[in-house]
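The values are calculated or read from the model by the stated rules, or taken from the named source; none is laboratory data. Keep in mind it's a predicted model, so treat the numbers as computed, not measured. Every residue, glycine as well, gets a Cβ built from its backbone with ideal geometry; the counts of neighbours run over all protein chains shown.
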C-alpha cells in the first residue's frame, strides 16, 4: 500500500504505514507520514529530543544507512478523539546483520488529523525496563 493511500485512512492505517516504511528503510515514504508542522518531535532510546523535519530526517537517514529495521508493534493501548490519537505500544525490534539483535522498545506515537489526513507529530521511544541496552544501530541513536 502506498503511503498516500494510508494517510487518508485512520490513525491505525497511518501507524501501519509508519512501520511498513521502517521495515523497507524507505525514507521518503517514512517522512511523508509526518505532519508538515516544524514542531514535530522524535526521541530515540537514549537520544536527544529532535525537533523539525531536518533533524528527524537526518537521524532516520543514519539509521537506514545500515538497512531496514523490522519492528513489530504489539500490546497497543490507544486513546482517540476526532482530531488526535495517542498510541502506546511495545515494539519488538529485530535487526539482521553480522548477528541478529533484538530489543523491546516502549514507544508512544501521537497522530493528528490535518486537512491532508492523519499525520504523525511525535514518536518517543525508550528501551523497556529490565532489558539490556543493545547497540542495534552502532550510532548515537538506538532507534
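Some points to look at:
- Residue in region 18-30 that is modelled with pLDDT of 90 or more and in a loop (DSSP other than H, G, I, E, B) present: yes
- All positions within region 59-91 that are over 14 Å from the mean Cα position of the chain (by Cα), in a strand (DSSP E or B) and modelled with pLDDT of 90 or more: 77, 78, 79, 80, 84, 85
- In the set 50, 14, only one residue is touching a helix residue (DSSP H, G or I) at 6+ places or on another chain (Cβ under 8 Å) and in contact (Cβ under 8 Å) with a residue 40 or more places away in the chain; that residue is 14.
- Any hit, region 96-108, residues being closer than 17 Å to residue 10 by Cβ and in a strand (DSSP E or B): no
- Scanning region 31-58 for residues that are assigned to a loop (DSSP other than H, G, I, E, B) and within 22 Å of residue 127 (Cβ to Cβ) turns up 44, 45, 46, 47, 48.
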